[in-house]
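For reference, the structure is listed below as structure tokens.
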Amino acid sequence: MTELYRRMNELDEDNRRLREIEQRMRRFAADVIAITRDEERLTMKMRVYDDLGRSLIATRQLLKQGASSRSFDLTVWKNAVQMLKRDNDAAQSGDLVLALHSTIDGETSCKTDGQTELAATADIPENMAVAYWEVNGEPYYENMENTFTFTPVGNTVVDARLRPAHKVTTINAQMQFLDAKDKPKGDPFAEFVFEEDYQNPATGEMLPGGSITVSVKAVVPNSSAGKFGSVGIKMGNIV
């Protein structure tokens with residue numbers, strides 16, 4: 001019991017730290033969107049200014065030499081003006097989508113026109129599953145699939161909110177499935193993942209993921225006798 005209590009406290013502490021990290025990630029995501037857009041625009045403007053500077057130097061040299069205006073190459077000037085116009089159009093219409101705990105076409109960020117539907121795929125670590133999705137902090141509880149389809153409007157952060165996978169684990173005990181008469185039957189086991197639909201080997205029945213009912217037998221020293229008990233385990237991890 002002491003070991004169980006210690007592990008439950010450790011799990012509570014880990015969950016608290018995880019919530020703090022997720023809050024920091026949301027704040028960071030909002031900053032990343034603004035910084036990424038600013039960096040892209042700054043890079044483009046620096047390139048334009050470099051081209052304009054070189055063109056200006058070349059033009060001054062031609063003027064000093066008394067060259068005819070027909071000999072001036074205005075291509076660089078035209079290109080610079082076009083790039084500035086594209087940058088202005090992008091600032092007005094191009095929005096950024098940032099994916100947390102997920103990717104969009106294998107990337108963690110992309111541009112959007114505000115009309116195209118996008119699909120985000122959750123990046124799921126081992127022993128974790130999708131609890132729900134969030135778009136700009138708004139939860140979508142009805143969608144717990146690994147892929148989420150949405151249409152971003154403006155700068156958007158899509159987040160696959162994760163939870164521990166449905167798994168039951170015993171300490172100093174073993175479990176067995178129940179037969180049609182609710183009697184323990186079959187090989188004992190110490191761990192079982194019931195995230196997806198699974199088959200009860202005692203009855204052959206397919207059962208929906210997310211809940212499980214088993215018989216638990218304590219494993220005690222040879223000098224003691226084990227005690228049996230039937231327990232229903234639903235929607236959670238028991239360590």
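Computed from the coordinates by the stated procedures, all read-outs in this text should not be read as laboratory data. Quick caveat: nothing in here was measured; it's all calculated off a predicted structure. So basically every Cβ, Gly included, is an ideal-geometry build from the backbone, and we count neighbours across all protein chains shown.
Once both labels are positioned 7 Å from their Cα atoms along Cα-to-Cβ, the gap between ASP179 and ASN15 label points is 3.7 nm. Cβ crowding within 10 Å ranks MET206, MET8, MET144 as MET206, MET8, MET144, fewest other Cβ atoms first. Taking 0.36 nm per residue of separation and subtracting the current Cα-Cα distance, fully stretching the chain between GLN65 and TYR132 would add 17.1 nm. Approximating the spin labels as points 7 Å out from Cα along Cα→Cβ, the LEU207-to-MET25 distance works out to 3.1 nm.
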